[in-house]
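Structure incoming, see below.
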Amino acid sequence: MTTTTRPWLDASIPADRRARLLLDAMTREEKVAQMVQISYSIVTPQEADEWARLGAGSFLHILGDDARRIQRLATESRLGVPVIFGIDAIHGHGIHNGATIFPTQLTLAASWDPSLAERMGRVTAREVAAEGLHWVFSPVFCLARDLRWGRVDETFGEDPLLAGIMGAATVRGYQGADIRDADSVIACAKHYIAYGESTGGRDSYDSSVTMRAIRSTFLPPFKRAIEAGCLTVMAGYEPIDGLPCSAHAPLLRRVLKEELGFDGFVVTDWQNVSSMVRRQKIAKDMTEASKIALEAGNDMIMTAPEFYEATLGLLARGEVDERLVDDAVLRILSVKFRIGLFDVPAKVKTLALRDDPTARDAAGIFGHPDHLAESLEAARKSIILLKNGTVAGSPALPIDGRKKVRTIAVIGPNADSVRAQFGDWTFFTHPVPHLDAVPTFRVTTVLDGIRSSRKRAASASSSTKAATSLTPRSIPSRARASSRRRPTSSSSASVTRSSSTARPTTEPTSPLPGRRTSSRARSVPYARGAACPSSPSSSTGSPSSSKTSPRSPTPSSSRSIPARSADARWPRYSSASEPPKADSPYPSRERRVSFPCTTTSCPAGTRDGTSIASRRLCSRSARAFPTRQSRTASRDSRQREPARGTRSSSASSSGTRGTGTRSRRSRCTRPTSSPRS
């Protein structure tokens, strides 16, 4: 069609006027559909396609060919209104495996450098736009003033001034110099407002704050976001003085839209409207909740598909003013026109990846070396170091820099967890949990970095000592040279070599007090694929013999470990018995047997409530930190047992239960946290 039949396609007309022309051409059903945002993680692909044909205004948590298919269906509808795709990209496009990851907002705030925040937003925008997405649910303008609250790391800290400045810089990075550019995306200031003040630090609980505190402390950061041109604002979960934010007309309409002059649109957080019925109990059904949300000033309803039918019923009965719907839809359409969704072809990707000639170039944007350099600089400038000052002439901490430090204690499971290196909002947990997902690039944990640093320092020290000692007058004899090549007491680690792989395995010469040397010490070489006393088989298939040091770890299994190349690192959560397959994003079969919580068959179209209803058999530690097998899990994976529900011969004869996998593991429930934005 041409601009004669679709006048809103005329790019010479101002965006607000074009939005009005499109609104006038819409039916009531098409208007209400624009207010609906569908999460691709809670509907089937067929249901998502139907929502696209109905004219749903936005989808979230959708990537790749799925997003392109939905966009194609939307643009082929009667009016051809493109979809806005939203994604949780909090500190980088972390839901895309292979994208650049930045420090969290809390870490970045420690740099006190707004330019870093702006550059992080720019890099993230490029990678999100390369996916064909348009909208990031970031930055977070909440203030972290209660350490019991579980989302402290998502904030820029407790200070309103710092949070406002850093957040506004991030907004400018996302939206760029021109929001119509192909690599610019929509920013979203969240969570409006005082979300972090929930009682007792309990997420989504009532925030006991006064209107004076809101205006003096919590509103200024959002004011800076609007002044920076932020196009969307997300309403928080929590009630303020008993009234949920998504039902708070004074805060949404009078303060945000009228006083601050916000001309973008307001989106609810995850299932906020449904929560009015199920959790907060301020509405008896979805019809009443939809009326409350519409009158309060919400423009787009996230993950509450029931809003569509409920609002159409309200309009048919004349229980709500249709002008409220018109105002909300006009704001949504205005944003779509302002970002160039109708005019910039690069922002509307409808071809499948295999058919898109630009897909290869777009794929090269993820994890680009320039982007990784920005992330590295942000990490370096955000690190906080403590100076060991002197007190009464002595160091405050019992560490003397003049003496050589032989042992460093690295404490806590996160120090050697690949998943922990990524932080929150990554492909491990969203849009559906894949806790054993395998990163597409090499990951260095904190423990790895410290070990590498010690090796480099020891190598440099040895080279320096050798260069200074080998003088014409002091060349050692052959016997002394041979003895010097052996590890001495001055070295910080003993070395164990396998005769077939000749790879060193380092262990501290003197374990720390209370150090566990049984299960955890043995699991390190297995997780890293290092050489162990039980070496890989030779080319003829027979295992080679090896000599071990008294301090080398004792293997818990006689099976061999394949050697690991120097330039590739096995993920911590892969199986010890075989390397992960190059063409598989999931760990080995034995790993999945030992940890059934691995979501190897969990599709993106998982139905609502699946994660709540499903039960998995795994240990508590495996569910929280699936980084390596425990001794029990390793034993289970080695011993092939009868299928679940069957009995062994001995068990059948004695009348006792068989030794299936169900009887050997404790039952627990898989984490049921919703993918909150």
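In the P(r) worked out for region 220-273, what percent of Cα pairs fall beyond 12 Å? Before the final figure, lay out the partial values.
Working: 931 of 1431 pairs.
Percentage above 12 Å: 65.
Please compute the net charge surrounding Glu158, taking Lys and Arg as +1 and Asp and Glu as -1 over other residues with Cβ under 12 Å from its Cβ.
-2
Quick one, what does Rg over Rh come out to for region 264-375 if you take C-alpha atoms and the Kirkwood Rh?
On the way: Rg = 19.7 Å, Rh = 17.1 Å.
That ratio is 1.15, to two decimals.
Another question about this same structure. Please work out the average accessible area per residue across region 282-387, using the 1.4 Å probe convention, and give it in Å². Working shown, then result.
On the way: 5230 Å² over 106 residues.
Roughly 49 Å² per residue, with all protein chains present.
Restricting to Cα pairs below 8 Å that are 6+ residues apart, what does the relative contact order work out to for region 189-300? Please round to a whole percent. Let's see the in-between values first.
Working: 164 pairs, mean separation 28.3, N = 112.
After rounding, I find 25 percent.
Further question: Provide the packing ranking of 137-148, 119-130, 279-290, 442-453, i.e. peptides ordered by the mean count of other C-beta atoms within 10 Å per residue, highest first. Mind showing how you got there, number by number?
On the way: 137-148: 22.8, 119-130: 25.0, 279-290: 18.0, 442-453: 14.5.
For the peptides 137-148, 119-130, 279-290, 442-453, the packing ranking is 119-130, 137-148, 279-290, 442-453.
Excluding residues fewer than 8 places away in the same chain, name every one of the lysines whose C-alpha is closer than 18 Å to that of Lys257.
Lys190, Lys223
With a probe of 1.4 Å, find how much accessible area region 9-74 has per residue, and write the answer as a whole number in Å². The partial results should precede the final answer.
On the way: 2330 Å² over 66 residues.
Accessible area per residue, region 9-74: 35 Å².
Restricted to Cα positions, what overall size does region 49-162 have along the principal axes? Three whole-Å values, descending.
Extents along the principal axes, in whole Å: 49, 26, 23.
Then there is this: Within a Cβ distance under 12 Å of Phe262, other residues only, what is the Lys/Arg minus Asp/Glu net charge?
Values: positive: Lys223, Arg253, Arg254, Lys257, Arg331; negative: Glu227, Glu258, Glu259, Asp263, Asp299.
Once all neighbours under 12 Å are counted, the net charge is 0.
OK, next. In region 10-121, what percent of the accessible surface is made up of carbon and sulfur (1.4 Å probe, ligands and nucleic acids excluded)? Write out the running numbers ahead of the final one.
Values: 1810 of 3530 Å².
The value for region 10-121 is 51 percent carbon and sulfur by accessible area.
Also, quick follow-up: So, by mean Cβ neighbours within 10 angstrom, what's the order for 42-52, 358-368 with the highest one leading?
Highest-to-lowest ranking by the protection proxy: 42-52, 358-368.
Which whole-percent values make up P(r) of region 1-40 when all C-alpha to C-alpha distances are grouped in 5 Å steps starting at zero?
The calculated distribution, bin by bin, is 6, 22, 23, 20, 16, 10, 3, 0.
If I compute solvent accessible area with a 1.4 Å probe over the protein chains, what percent of it on region 293-335 is carbon and sulfur? Let's see the in-between values first.
Numbers: 620 of 1320 Å².
Carbon with sulfur: 47 percent of the solvent-accessible area.
The values are calculated or read from the model by the stated rules, or taken from the named source; none is laboratory data. Nothing here was measured: the structure is a model prediction, and the numbers come from that model. Note that we place each Cβ from the backbone using ideal geometry, even for glycine, and neighbour counts take in every protein chain shown. To get the accessible areas, we keep the full protein, side chains included, count just its heavy atoms, and leave off ligands, DNA and RNA. Shrake-Rupley method; radii C 1.70, N 1.55, O 1.52, S 1.80 Å.
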